[in-house]
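This report refers to the structure that appears directly beneath it.
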Amino acid sequence: MSKSIKTFLAVGLVAVVAACGQSAPVEEYVVVDPEPISSEPTYTGKYK
């Protein structure tokens, strides 16, 4: 093989190893409980 093909393959191999070797950052997330829904006041027909 010619030197240019060997060089191209070597650079490509290094690029693949560098790309696959990086570990993805771990994303942390927080789950917040929603506030409970209050019930509607019942209609009694009179003002209090």
inquiry  = Can you give me the angle between helix 3-21 and the longest principal axis of the chain, using Cα atoms only, in degrees from 0 to 90, rounded to the nearest 10?
reply    = 20
inquiry  = Ignoring everything except DSSP H segments at least 4 long, calculate the 222 nm mean residue ellipticity for the chain; use -39,500 (n - 2.57) per segment, divide by total residues, nearest 500.
reply    = -13500 deg cm²/dmol
query = For the chain, which semi-axes, largest first and in whole Å, follow from the square roots of 5 times the eigenvalues of its Cα gyration tensor?
reply = 71, 11, 4
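Read-outs: derived from the displayed coordinates by stated rules, not from any lab. On a predicted model such as this, the values are computed, not experimentally measured, just so you know.
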